[in-house]
1. Could you tell me the relative contact order of region 52-119? Use alpha-carbon pairs under 8 Å, at least six residues apart, and round to a whole percent.
2. Using θ = phi - 60° and the Karplus relation 6.51 cos²θ - 1.76 cosθ + 1.60, list the HN-Hα couplings for region 9-14 in order, rounded to whole Hz, with x at every Gly or Pro.
3. Compute the length gained on full extension between residue 108 and residue 95: take 0.36 nm times their separation in residues and subtract their Cα-Cα distance, giving the result in nm to one decimal.
4. Calculate, for residue 81 and residue 115, the FRET efficiency according to 1/(1 + (r/R0)^6) with r their C-beta to C-beta distance and R0 35 Å; round to the nearest 0.05.
5. Roughly how far apart, in whole Å, are the Cα centres of region 81-105 and region 8-40?
6. So which lysines can residue 17 reach, going by Cα to Cα under 26 Å and dropping same-chain residues fewer than 8 places off?
7. For region 96-154, what does the alpha-carbon gyration tensor say about shape, rounded, prolate or oblate, given a ≥ b ≥ c as the root eigenvalues, a/c under 1.5 as rounded, and a/b over b/c as prolate?
8. In the neighborhood of residue 25, defined by Cβ-to-Cβ distances under 12 Å, what is the net charge if each Lys or Arg adds +1 and each Asp or Glu adds -1?
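No lab work stands behind these numbers, since they all come straight from the coordinates. None of these values were measured; they are calculated from a predicted model. Counting neighbours? That spans all protein chains shown, and the Cβs are built from the backbone with ideal geometry, glycine included.
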Amino acid sequence: MARKEKGSKNRDKARRKVARVHARIADRRRDTLHQLTTRLVRENQTIVIEDLAVRNMVKNHTLARAVSDAAWTTFREFLTYKCEWYGRTLVVIDRWYPSSKLCSQCGAIADTMPLSVRFWTCPCGAVHDRDVNAARNILAAGLAVSACGACVRPQRGNLRSGRRAVKQETRRATAGIPVP
């Protein structure tokens, strides 16, 4: 299209041809996302995802194309409305939850961990793949939220005041009625 003269009929034909190719690619991506999200929602009662700052991730020039091609925002939108349709639970974990740095075996948190570190060893002796460990931690945190309804960030000494998560028992229908 860049070689065509502006205002010519050939340029208009080339523009339509390029638009058709881009539309087909977009339709295929959208269809793949629909199929994947539908399968996930049908097969699972509870789906746990991590809230990611996609806008900030796209600013990183080395990750921008891969993040944009993955269409994470669209994926989350599809999951959200399909979970409502099918009556499933979607739990979104806080983006600051240290899922990669938290040992899924003992609960120890590593101080720093750059993106280049793909495997790490915890002081308890467990060797972790960064992504698999993060997936385990996200699932555990999501199930804790769905069971307890509490914040899932690890408590930090005395910096955060608040109660730990406890199981929420439903009150009996007769609670508070005096017994004669």
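1. Numbers: 27 pairs, mean separation 11.8, N = 68.
Reported relative contact order: 17 percent.
2. Result, ordered by residue: 5, 5, 5, 5, 5, 5 Hz.
3. Details: separation 13, 0.36 × 13 = 4.68 nm, distance 1.87 nm.
Extending this stretch completely gives an extra 2.8 nm.
4. Working: r = 32 Å, r/R0 = 0.90.
For residue 81 and residue 115, the calculated efficiency is 0.65.
5. 31
6. 4, 6, 9
7. Prolate, since a/c reaches 1.5 and a/b exceeds b/c.
8. Details: positive: 20, 24, 28, 29, 30; negative: 27, 31, 69.
Once all neighbours under 12 Å are counted, the net charge is +2.
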